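Data block below; observations after.
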Amino acid sequence: LTRDGGGRPARQRVAGALLAAGLLFGCRHEPRAAAPANAAPRRVIALAPNLTEIVFALGAGDRLVGVSEYSDFPEAARTIPRVGGLEVDAEKVAALHPDLVLAVAEGNARATVHALEAAGIPVTVTPSGSLDAVLESIRIVAGKLGRSEEGGRLVADLERRRAAVREQVAARTDKPRALLIVWPDPPQAAGAQTFLNDLLTEAGAQNLVGDRKGWPILSVEYLATAPVELLVAPDSPETRPAWDRAFAAGALSRGPIAHARVVRLDESAMTRPGPRVFDTLEKLAGATR
Amino acid sequence: VKAPGRGAALLAGAVLLLCMGVLAFSVGGVHLSLADLVSGRGEAGQTARMLAALRLPRVLLAALVGGCLALAGAALQALLKNPLADPFLLGTSGGAAAGAAVAALVGASPLVSPAAAFVGAAAASVGVASMARRGGRLDLQRLLLAGLIANAFFSALLLAAFSIASGEASRSMLFWMMGSLADATPGKVSALLPYALGGAAVLFAAAPRLNLFAVGEESAAALGVDAERTKRVVFLSASLLTGAAVAFAGVIGFVGLLVPHAVRAVAGNDQRTLLPLSALSGAALLVAADAVSRAALAPVELPIGAITAALGAPLFAWLLLRTP
């Protein structure tokens, strides 16, 4: 789910320097009153779609002045100015005068975060790697927005639904051997210490690559022979052709995986570590039975 | 070192390739039972046959790609009398990679990318050759510089394509840029075969003339060699081999540079031995590297370009240090 950009650090150092210079000169005729330290931020930028969703779920969507490129949920997020995709445009972020920038630990480049911090913009980085981290992210964002109460209620509700799913699958004895493939070419699966591994196992399946950390790219030979009974994959109109190719003649067309039960779930609700991942959990638990 | 006889050297190379091929066919992340494969009975037999159907084209493709790259490197080194000459240095692989990246960017089907890579390689070769031409002659110094220019241009193109590609397209693009034989199919093997054989035939036939080149271009001309024609033919054949290899396996470095050096250290500088032996050794090396990429971290696959570089860099350093 991450992407390595060769020239990224250098480019961002330059961006950071430009940004710093811009602020230096901008400050003189920008006597914009800085919010008092303990006031809730009014101008928030979310650097990942799941953070956008969290801010909206907390009822603070109207405070977003900038969002990442793929922030398309809820509908109201589509009209908010974009500040870049995986590569964040630091100048655009600064030009929007945010008093809070939200970033994710996995996916946003550390250099971007440092550049923004160096420019004096408060940045909060949310954790990833588990469903617990999703809930923790909601709590952190709620705290920063001064909406701890709403955050507590949302987290309690999600925890309750999560516990219900856990109870629902606890009695099951034959948990299907499963893979959750996030991208078909090259085939990349959710492994240990990812929130999608939690999603898969809490929904009552065994992750066949649960002993591999991160997002392993699996070999064609392994996929052709692994005893897969359940295949979980994200679904979106844009990525459907790539999946169709993999199912027809590619990595997912041979051996047990070709006869496995396939569960396709809405991509944005599944692969974004936000509140909707718990909707997906309920759906998946129903499908693994 | 006294060079061994040509027949003995080539036989040794062929045996090496055969051993590597058998070894690579029998290892991998998933165990392949030869008994089940031969019997073909039951579920185990079916699984073994399916594995063999996946692995055999992969071993063959690795051999062809490794052979193409090493042979192209050996021929360019002889032609340019420069030990640094390599398809990568001359911009051919860069052109191929850029061609495929642009195709992915404009949303062409992945099936088109080998063709696009090939067009890119051809364009790079023709561009570099015409930049290097001065007064109707292919100037060897200028050829290296033109390669440098082409590389700078193509890496700019690649980076730009990579930056503006969508998340999905860039993921496939990255994998391809690191080099991979994971998508090997019998169709790809048979598509690469004529390029490999054609390029090899032309270069093997040019080997005696390349030997005269080693003495000096003027003496070669004095002995009746059409120097310009030889340069053109060798350069274009090497580009063809590289473009075809990159088109089917992505960017795999170091094979074209390293293998001819290693072979020269063992078997001497007679191109009639060096060229075919480089092809055989390059094939054996890439077959072995691909086996490592499949087996080392199974079920995860390592990018083969990383393995050839990890093997190649220390070996190259050792060769450099032991040469007085």
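The values are calculated or read from the model by the stated rules, or taken from the named source; none is laboratory data. Worth saying up front: this structure is predicted, and the values here are computed from it rather than measured. Positions of Cβ are backbone-derived with ideal geometry, glycine not excepted, and every protein chain shown enters the neighbour counts.
Listed conditions (1) surrounded by fewer than 23 Cβ atoms within 10 Å (Cβ to Cβ); (2) in a helix (DSSP H, G or I); (3) within 13 Å of the chain's Cα centre (by Cα) are all met by B:Val287, apart from (1). When B:Gly7, B:Gly45 are checked against the criterion of being part of a helix (DSSP H, G or I), over 27 Å from the mean Cα position of the chain (by Cα) and over 20 Å from A:Ser219 (Cα atoms), B:Gly45 stands alone in meeting it. Determine whether segment B:178-193 contains at least one residue that is within 20 Å of B:Gly120 (Cβ to Cβ), in a helix (DSSP H, G or I) and away from chain A (no Cβ under 14 Å). Among the residues of segment B:178-193, at least one is within 20 Å of B:Gly120 (Cβ to Cβ), in a helix (DSSP H, G or I) and away from chain A (no Cβ under 14 Å), which makes the answer yes. The conditions of being more than 10 Å from chain B (Cβ to nearest Cβ) and in contact (Cβ under 8 Å) with a residue 12 or more places away in the chain are met by A:Arg162.
To keep it simple, each residue is scored yes or no on (1) touching a residue at least 24 places away in the same chain (Cβ under 8 Å); (2) within 20 Å of B:Thr185 (Cα to Cα); (3) among the hydroxyl-bearing types (Ser, Thr, Tyr); (4) in contact with a Ser or Thr (Cβ under 9 Å, 6 or more places away or on another chain).
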{"position": "B:Leu11", "(1), (2), (3), (4)": "no, no, no, no"}
{"position": "B:Val30", "(1), (2), (3), (4)": "yes, yes, no, yes"}
{"position": "B:Gly42", "(1), (2), (3), (4)": "no, no, no, no"}
{"position": "B:Gln46", "(1), (2), (3), (4)": "no, yes, no, no"}
{"position": "B:Ala53", "(1), (2), (3), (4)": "no, yes, no, no"}
{"position": "B:Gly73", "(1), (2), (3), (4)": "yes, no, no, yes"}
{"position": "B:Asn82", "(1), (2), (3), (4)": "yes, no, no, no"}
{"position": "B:Thr92", "(1), (2), (3), (4)": "yes, no, yes, yes"}
{"position": "B:Val102", "(1), (2), (3), (4)": "yes, no, no, no"}
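Per the listing A:Val263, A:Val220, A:Val209, the residue uniquely within 10 Å of chain B (Cβ to nearest Cβ) and under 22 Å from the mean Cα position of the chain (by Cα) is A:Val209.
When you look at B:Gly67, is it crowded, with 17+ Cβ neighbours inside 10 Å, part of a loop (DSSP other than H, G, I, E, B) and among the small types (Gly, Ala, Ser), yes or no? Here the answer is no, as B:Gly67 does not meet what is asked.
Quick one: would you say B:Ala227 is touching a helix residue (DSSP H, G or I) at 6+ places or on another chain (Cβ under 6 Å), buried (at least 19 other Cβ atoms within 10 Å of the Cβ) and away from chain A (no Cβ under 14 Å)? No. Consider segment A:163-192 and keep the residues that are crowded, with 21+ Cβ neighbours inside 10 Å and among the small types (Gly, Ala, Ser). The one that is farthest from A:Arg245 (Cα to Cα) is A:Gly191.
Within segment B:288-324, if we keep just the residues that are within 23 Å of A:Leu208 (Cβ to Cβ) and among the charged types (D, E, K, R), the residue that is modelled with the lowest pLDDT turns out to be B:Glu301.
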